1. Working only within segment 159-180, note down all residues that are under 12 Å from Phe219 (Cα atoms) and either touching a strand residue (DSSP E or B) at 6+ places or on another chain (Cβ under 9 Å) or not assigned by TED's automatic domain parsing to the domain that holds Asp117 (or both).
2. Could you tell me whether segment 26-40 includes any residue that is at pLDDT 95 or above, exposed (fewer than 15 other Cβ atoms within 10 Å of the Cβ) and of a type in the set (Lys, Arg)?
3. State all residues of segment 72-120 that are in contact with a strand residue (DSSP E or B) (Cβ under 8 Å, 6 or more places away or on another chain) and on the phi > 0 side of the Ramachandran plot; if no residue qualifies, say none.
4. Can you tell me which residue is nearest to the chain's Cα centre (by Cα) among those in segment 94-120 that are surrounded by 24 or more Cβ atoms within 10 Å (Cβ to Cβ) and of a type in the set (Val, Ile, Thr)?
5. Within the bounds of segment 140-158, is there any residue that is hydroxyl-bearing (Ser, Thr, Tyr), in contact with a strand residue (DSSP E or B) (Cβ under 9 Å, 6 or more places away or on another chain) and in the same structural domain as Asp189 (by TED's automatic domain parsing)?
6. Of the residues that make up segment 199-216, is at least one aliphatic (A, V, I, L, M), touching a Ser or Thr at 6+ places or on another chain (Cβ under 9 Å), at pLDDT 95 or above and under 25 Å from Asp76 (Cβ atoms)?
7. In contact with an Asp or Glu (Cβ under 7 Å, 6 or more places away or on another chain) and either of a type in the set (D, E, K, R) or in contact (Cβ under 8 Å) with a residue 12 or more places away in the chain (or both): does that describe Gly202?
8. Looking at (1) of a type in the set (Lys, Arg); (2) at pLDDT 95 or above; (3) surrounded by 12 or more Cβ atoms within 10 Å (Cβ to Cβ), can you tell me which one Lys62 breaks?
Amino acid sequence: MNRIFLLTMVIFIACRGKHNHEHSKNENDMQEHKHSQANHENHEHGRANKHMHQSSLDDLVKRFESPERDEYQQPDKVLAYLGDIKDKTIMDIGAGTGYFSVKLADHGAHVIAADVDDDFQDYLKKRIEDNHLTGIETRKIPYDSPGLSNQEVDMVFMVNTYHHIENRVEYFNKVRQGIKNDGSLVIIDFYNIELPVGPPVGHKVDMGVVVNELKDAGFETLDLDVNLLPYQFVIRARK
């Protein structure tokens with residue numbers, strides 16, 4: 001009887017040890033999978049920045065300010081969508097050459113033209129100075145933060161930039177905190193399909209992913225418009 005009992009205990013301990021080992025292995029595998037996913041995402045969107053800057057500043061200026069862009073970007077439609085922005089404070093994240101920043105200011109907004117890139121910021125400062133533009137301030141921001149004070153702006157506006165952002169849930173939680181309680185975040189970006197304009201498919205973010213990430217960042221109300229522009233979706237998110 002004792003021998004049977006001892007044998008049973010040995011088998012139980014062996015099985016328990018195997019279970020604990022497999023449980024620990026599964027937990028490690030899950031952590032490695034999450035880490036791999038995060039590294040893959042950061043790699044993909046790091047590639048988006050690298051891909052864009054394969055072109056010279058002059059080439060980027062020509063592309064961003066071209067009549068061809070006007071045709072698909074349809075800025076008048078976008079401005080009409082935004083509504084009355086007179087005397088509103090708007091941060092244009094990923095302002096680049098100031099394509100939209102200048103137009104927003106022309107419609108009476110106070111614009112914070114924010115970008116991570118020194119060359120774009122220098123170009124825009126010169127553009128403002130040379131053309132005696134008013135209502136626009138430039139702001140160099142880091143890659144991991146919008147650089148906003150709490151409830152600083154009425155709107156954050158982001159065009160063709162979402163796919164450049166890393167750690168997006170954390171980033172857009174900071175964006176949300178920088179928007180006034182009655183303010184909004186407006187995102188315009190390319191559909192994640194082959195298009196005649198925009199970045200390669202591998203650099204883009206699916207609209208459904210954007211929606212889920214913004215919800216995870218704390219935005220409660222999201223309005224989608226898939227009819228306004230030919231190649232881009234529009235999302236307006238509110239706190």
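The values are calculated or read from the model by the stated rules, or taken from the named source; none is laboratory data. Quick caveat, the model's predicted, so the values are computed rather than measured. Note: ideal-geometry Cβ built from the backbone for every residue, glycine included; neighbour counts use all protein chains shown.
1. Residues satisfying the conditions are Phe172, Val175, Arg176, Ile179.
2. No, every residue in segment 26-40 fails to be at pLDDT 95 or above, exposed (fewer than 15 other Cβ atoms within 10 Å of the Cβ) and of a type in the set (Lys, Arg).
3. Residues satisfying the conditions are Asp87, Gly94, Gly96, Gly98.
4. Across segment 94-120, the extreme among qualifying residues is Ile112.
5. no
6. Looking through segment 199-216, none of the residues is aliphatic (A, V, I, L, M), touching a Ser or Thr at 6+ places or on another chain (Cβ under 9 Å), at pLDDT 95 or above and under 25 Å from Asp76 (Cβ atoms).
7. Yes; evaluated as a whole, the condition is true for this residue.
8. (2)
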